[in-house]
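Peer 1: What follows is a single structure, and I will ask about it in a moment.
The values are calculated or read from the model by the stated rules, or taken from the named source; none is laboratory data. Everything numeric in this text was worked out from a predicted model, so none of it was measured. Heads up, the Cβs are rebuilt from the backbone with ideal geometry, glycines too, and the neighbour counts pull from every protein chain shown. Surface areas here come from the heavy atoms of the whole protein model, side chains and all, with no ligands, DNA or RNA. Shrake-Rupley method; radii C 1.70, N 1.55, O 1.52, S 1.80 Å.
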Amino acid sequence: MRAVEEHQRAVAELIGAGDPVLLPLVQAEGLVLAADVVAPISLPVFDNSAMDGYAVYAADVADAGPEQPVTLPVAEDIPAGRTDEIPALTPGTAHRIMTGAPMPAGATGVVPVENTDGGVETVTFRAPTGEGRHIRRAGEDVAAGDTVLTAGRRVSPPVVGLVAALGIDRVSVWPRPRVLVISTGTELVAPGTPLRPGQIYESNAAMLAAAIREAGAEVAAVATVSDDVAEFGAVLTAHAGDTDLIVTSGGVSAGAYEVVKDAFGRDGGQGVEFVKVAMQPGMPQGIGRVGEVPVITLPGNPVSALVSFEVFLRPALRAALGFAAAHRPTLEAVLAEPLTSPRGKRQFRRGALDADNGTVTSAGPPASHHLRFLASATCLLDIPADVTDLPVGAPVRAWDLR
């Protein structure tokens, strides 16, 4: 059987990053910068007031106080957004000014309106201001020519705000891979449909689509097909040219009616190789291409499908999206119960972390149909292939799913 690490490398090599794209800023949120962002202007662009108040020569109001107020004439009114040439401040006068408005030449400080009577023609000051007080200087945040963001940075809301403030409307980012998800099985019916004998509700496609979106990629389409090769092929044809990756679930085991194997050829002659990976759950896997499009085939049991996604697909997708930390964070926890694991297989056991004391317990039995326990798990316990017994108190590596 193939080792987990070997199959991880194969999937990572298959799912490479696309070419960087230049996207409008509003569409780039959540993606990763493919190029540095250099400031074309300074921030602030010009000296401006940090307060609603009055621009003054600080020396003119140096002695102002509640018992000794100072009154000056108001020579100008400067609202934010004023674009004409603003007259310079004359000593012995004040300019009423709003937050963000450009400072007049000559002014050395701003007195907040709370420390005045708020006058329009004359203003009485009840407190002084210091030299440079309440003035935002041009370039004190960003100087034109600064590299403000480096490639590899995720476009978060603060990043969007900074880039927009610099007047940049497009950024170079790594694009989201478009993924076609196909769930297979004649027994599957859509949720909300009455079940007939022998039928079950389809969950893998919805689950995998959610996991793909959570990883940062885009779901191009979701389809459920029966164990019919022609129907499976028709779905592939319908979405040809509209997807960067095909992910299937089911139809890859050793029995009859394995539609994915039958469609792609069980001998690997049609570009998809079917392998056994030394892991539990998720032993049957497939990897290859249909034309130029990568294909990853996952097992059909729900736990096996999602654990396989976590182990192989999620880190490959995150790497293709430009994330430096593509893998889930891991930590070492202490077992609060004994566990056994099959010899020769790397086991990924659903677990529940106790953050208060650093211990972990298993979440449900290891069988791959227990979806309820997968939904409540906060970690995956990563048990090496050569370990069969873990006593209480043993250290174990946990993939943090929180």
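Peer 1: Charges on Cβ only, +1 for Lys and Arg, -1 for Asp and Glu, centred on the Cα centroid of the chain; of Met1, Trp399, Val219, which one is farthest towards the dipole's positive end?
Peer 2: Among Met1, Trp399, Val219, the one farthest towards the positive end of the dipole of the chain is Met1.
Peer 1: Express the relative contact order of the chain as a whole percentage, based on alpha carbon pairs under 8 Å and six or more residues apart in sequence. Provide the component values of the computation, followed by the final result.
Peer 2: Details: 933 pairs, mean separation 66.2, N = 402.
The value is 16 percent.
Peer 1: Under 19 Å from a point placed 7 Å out from the Cα of Ile41 along the Cα-to-Cβ direction: which residues of the stretch 125-141 have their backbone N that close?
Peer 2: 136-141
Peer 1: Identify which of the listed values of Rg and Dmax of the Cα atoms in Å was calculated from the structure shown: [x] 26.4, 91; [y] 31.6, 97; [z] 24.0, 78.
Peer 2: Working out Rg and Dmax of the Cα atoms in Å from the coordinates points to [y].
Peer 1: Quick one: if you stick a label point 7 Å off each Cα along the C-beta vector at Asp267 and Ala394, how many nm between them?
Peer 2: Inter-label distance under the simple model: 4.4 nm.
Peer 1: Leaving out ligands, DNA and RNA, what percent of the accessible area of the chain is carbon and sulfur, probe 1.4 Å?
Peer 2: Values: 9890 of 18690 Å².
In the chain, the share of accessible area belonging to carbon and sulfur is 53 percent.
Peer 1: What shape does the stretch 330-400 have by the C-alpha gyration tensor, where a ≥ b ≥ c are the square roots of the eigenvalues, rounded means a/c under 1.5, and otherwise prolate means a/b greater than b/c and oblate the rest? It would help to have the intermediate numbers written out before the result.
Peer 2: Values: a/c = 1.66, a/b = 1.05, b/c = 1.59.
The shape class here is oblate.
Peer 1: Now for a separate question. Based on DSSP H runs of at least 4 residues, each adding -39500 (n - 2.57), what is the mean residue ellipticity at 222 nm of the chain after dividing by all its residues, to the nearest 500 deg cm²/dmol?
Peer 2: On the way: 9 runs with 72 residues, N = 402.
Rounded to the nearest 500, it is -5000 deg cm²/dmol.
Peer 1: Also: Pick from Leu43, Leu180, Leu33: which is most flexible by mean-square fluctuation in a GNM of the chain where alpha carbon atoms under 10 Å apart are linked?
Peer 2: Of Leu43, Leu180, Leu33, the Gaussian network model singles out Leu43 as fluctuating most.
Peer 1: Treating only the Cβ of Lys, Arg, Asp and Glu as charged (+1, +1, -1, -1), what charge dipole size does the chain show about its Cα centre? Round to the nearest 20 debye.
Peer 2: On the way: 30 positive and 46 negative charges, 325 e Å.
Around 1560 debye, computed over the chain.
Peer 1: Could you do me a favour and compute the accessible area per residue for the chain, 1.4 Å probe, result in Å²?
Peer 2: Numbers: 18690 Å² over 402 residues.
It amounts to 46 Å² per residue over the chain.
Peer 1: In the Gaussian network model of the chain, springs joining C-alpha atoms below 10 Å, which of Ser249, Ser183, Ser156 carries the largest mean-square fluctuation?
Peer 2: Largest GNM mean-square fluctuation: Ser156.
Peer 1: Quote the accessible area belonging to Val113 in square angstrom, nearest 10, computed with a 1.4 Å probe and with ligands, DNA and RNA left uncounted.
Peer 2: Counting only protein heavy atoms, Val113 exposes about 50 Å² to solvent.
Peer 1: Could you go through the stretch 358-372 in sequence order and give the Karplus-derived ³J(HN,Hα) for each residue, using 6.51 cos²θ - 1.76 cosθ + 1.60 with θ = phi - 60°, rounded to whole Hz, and x for Gly and Pro?
Peer 2: Running phi through 6.51 cos²θ - 1.76 cosθ + 1.60 with θ = phi - 60° gives x, 9, 9, 10, 6, 10, x, x, x, 4, 8, 9, 7, 5, 4 Hz.
Peer 1: Separate question: Under the classification rounded if a/c is under 1.5, otherwise prolate if a/b is larger than b/c and oblate if not, where does the stretch 195-309 fall, given a ≥ b ≥ c as square roots of the Cα gyration tensor eigenvalues? Spell out each step's value before the answer.
Peer 2: Values: a/c = 1.12, a/b = 1.03, b/c = 1.09.
Taking the square roots of the gyration eigenvalues as a ≥ b ≥ c, the stretch 195-309 is rounded.
Peer 1: Relative contact order for the stretch 48-136 using alpha-carbon pairs under 8 Å, separation at least 6, rounded to a whole percent?
Peer 2: On the way: 230 pairs, mean separation 39.6, N = 89.
Rounded, it is 44 percent for the stretch 48-136.
Peer 1: What does the charge add up to near Ala355, with Lys and Arg as +1, Asp and Glu as -1, over the other residues with Cβ less than 11 Å from its Cβ? It would help to have the intermediate numbers written out before the result.
Peer 2: Working: positive: Arg402; negative: Asp354, Asp356, Asp400.
Net charge in that neighbourhood comes out at -2.
Peer 1: Among Ala220, Ala107, Ala324, which one moves the most in a GNM of the chain with springs linking Cα atoms closer than 10 Å?
Peer 2: The residue with the greatest mean-square fluctuation here is Ala107.
Peer 1: Which whole-Hz ³J(HN,Hα) couplings does the stretch 121-133 yield from phi under the Karplus relation 6.51 cos²θ - 1.76 cosθ + 1.60, θ = phi - 60°, glycine and proline marked x?
Peer 2: Rounded to whole hertz, the list is 8, 10, 9, 9, 9, 10, 7, x, 9, x, 4, x, 5.
Peer 1: For Asp146, list long-range residues whose amide hydrogen, built 1.01 Å from N in the peptide plane, is under 5 Å from its own amide hydrogen.
Peer 2: Ala39
Peer 1: Would you mind getting the Kirkwood hydrodynamic radius of the stretch 48-136 from its Cα pairs, rounded to one decimal in Å?
Peer 2: On the way: mean 1/r = 0.0812 Å⁻¹.
That comes to 12.3 Å for the stretch 48-136.
Peer 1: Now for a separate question. Around Ala34, under 13 Å between beta carbons, what's the net of Lys plus Arg minus Asp minus Glu among the other residues?
Peer 2: On the way: positive: Arg153, Arg154, Arg170, Arg176; negative: Asp19, Asp36.
That sum, taken over residues with Cβ under 13 Å, equals +2.
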